[in-house]
Amino acid sequence: MGMKINAELPLPANLKAEYPLPKELAEIKKKRDAEIREIFEGKSDKFVVIVGPCSADNEDSVCDYVNRLAKVNEKVSDRLMIIPRIYTNKPRTTGEGYKGMLHQPDPDQAPNLLEGIIAIRRMHIRAIKETGLTSADEMLYPENRSYLDDILSYEAIGARSVENQQHRLTASGMDIPVGMKNPTSGDFSVMMNSVIAAQNSHNFIYRGMDVTTEGNDLAHVILRGGVDKYGTCIPNYHYEDLVRLVDVYAKKDLKNPAAIVDANHSNSNKQFKEQIRIVSEILHSRRYNDDVKKMVKGVMIESYIEEGNQKICDHMTYGKSITDPCLGWEDTEKLIYKIAEEC
């Protein structure tokens, strides 16, 4: 085989024992998970805001960002459920480029997966300890989620992974909300089939074990826009798209119909400032149509301390994305207050 074994990684149970989630933080997560569940079950009218960097590339700046979110959260927690977006795995379309802190705990250094696993667990725990906010991450590698499954309150499955069988079946064994993004083509049927799969019980191989899952009743969709065969971005956050999704859900026998709208990616054509306008339009659509309001549980926003993005170099700007461009903190803070007023 054309493959070299670099190291044998620790079992998740062993890593958790070495870097445990303290009991008091586990209680915070339990309470937050219950609140989030009530939102997706329709028992709470709080609006979900999943917000944070495109990729979490530095522990200090990410935790600085989450601390800022926590201060805003104190003022809006009666209306919003803020879930920090701490994405530690970065999907790459061609396989080239920075793949996230899991691969490179230091973007300037060579990949080190053992150090990366430790770094992302440590960062997630620090964020909870300092702010009381449990976070969201992307399930890019299904078997790796076992290193964080006691910490996360939300997980997303990306546009390039949503058709993958292992992602769908693993999602069926999770006890937190999992968002299935529409694929890059924008196809609704692929996204809905993923939700159906995740909500049902399955028997399959997971980390060398024969497992049976219970099904995840909080599996739902994430609208992130699509791309046509010519590479043109086709958004799917408009009112007509949301009404269509309401109709699609009505024809399916699914629990807790729900959607999160990703304001960036192909919905904004990666024009990060457009996220402000897009979120405003989503809020307007919810006010206009009760069915849309009931279905759209929240938004996803890419945001960091400094707006835009930068290349990896020897004079990096603190708190600025090294992957996709993000909304800056000042605009983000204003947008969160606006959401709280209008949701």
Q. Hey, any hits in segment 187-205 for a residue that's in a strand (DSSP E or B), over 29 Å from Met123 (Cα atoms) and among the β-branched types (Val, Ile, Thr)?
A. yes
Q. Within segment 121-129, is even one residue within 20 Å of Lys99 (Cα to Cα), surrounded by fewer than 22 Cβ atoms within 10 Å (Cβ to Cβ), touching a residue at least 24 places away in the same chain (Cβ under 8 Å) and out of contact with any helix residue (DSSP H, G or I) (no Cβ under 6 Å at 6 or more places or on another chain)?
A. yes
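Filter segment 219-236 for residues that are over 14 Å from the mean Cα position of the chain (by Cα) and either within 23 Å of Leu169 (Cβ to Cβ) or surrounded by fewer than 16 Cβ atoms within 10 Å (Cβ to Cβ) (or both) and give the result.
Asp228, Lys229, Tyr230, Gly231, Thr232, Ile234
Could you tell me which of the residues Ser303, Ser285 is modelled with pLDDT of 95 or more, closer than 15 Å to Leu245 by Cβ and of a type in the set (Gly, Ala, Ser)? Walk me through how you get there before you give the answer.
Details: Ser303 fails: closer than 15 Å to Leu245 by Cβ.
From the options Ser303, Ser285, the qualifying one is Ser285.
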(Q) Please list, ordered by residue number, the helices (runs of 4 or more DSSP H) wholly in segment 1-77 having 3 or more residues that are touching a strand residue (DSSP E or B) at 6+ places or on another chain (Cβ under 8 Å). (A) 23-40, 59-76
Q) For Thr184, which of the numbered conditions (1) farther than 26 Å from Ala34 by Cα; (2) of a type outside the set (Asp, Glu); (3) in a loop (DSSP other than H, G, I, E, B); (4) under 16 Å from the mean Cα position of the chain (by Cα) fails to hold? A) (4)
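Which one is surrounded by the fewest Cβ atoms within 10 Å (Cβ to Cβ) among residues in segment 150-203 that are of a type in the set (Gly, Ala, Ser) and farther than 27 Å from Val227 by Cα? Walk me through how you get there before you give the answer.
Residues of segment 150-203 that are of a type in the set (Gly, Ala, Ser), as a first pass: 153, 156, 158-159, 161, 171-173, 179, 185-186, 189, 194, 197-198, 201.
Now restrict to residues that are farther than 27 Å from Val227 by Cα: 153, 172-173, 201.
Working: Ser153: 24, Ser172: 20, Gly173: 21, Ser201: 12.
Filtering segment 150-203 for residues that are of a type in the set (Gly, Ala, Ser) and farther than 27 Å from Val227 by Cα, the one surrounded by the fewest Cβ atoms within 10 Å (Cβ to Cβ) comes out as Ser201.
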Q. For segment 1-35, what are the residues that are among the hydrophobic types (A, V, I, L, M, F, W, C), closer than 22 Å to Met123 by Cα and either at pLDDT below 95 or surrounded by 12 or more Cβ atoms within 10 Å (Cβ to Cβ) (or both)?
A. Leu9, Leu11, Leu15, Leu21, Leu25, Ala26, Ile28
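The values are calculated or read from the model by the stated rules, or taken from the named source; none is laboratory data. This one's a predicted model, so the numbers in the text were calculated from it and none came from an experiment. Positions of Cβ are generated from backbone atoms using ideal geometry, with glycine treated the same way; all protein chains shown enter the neighbour counts.
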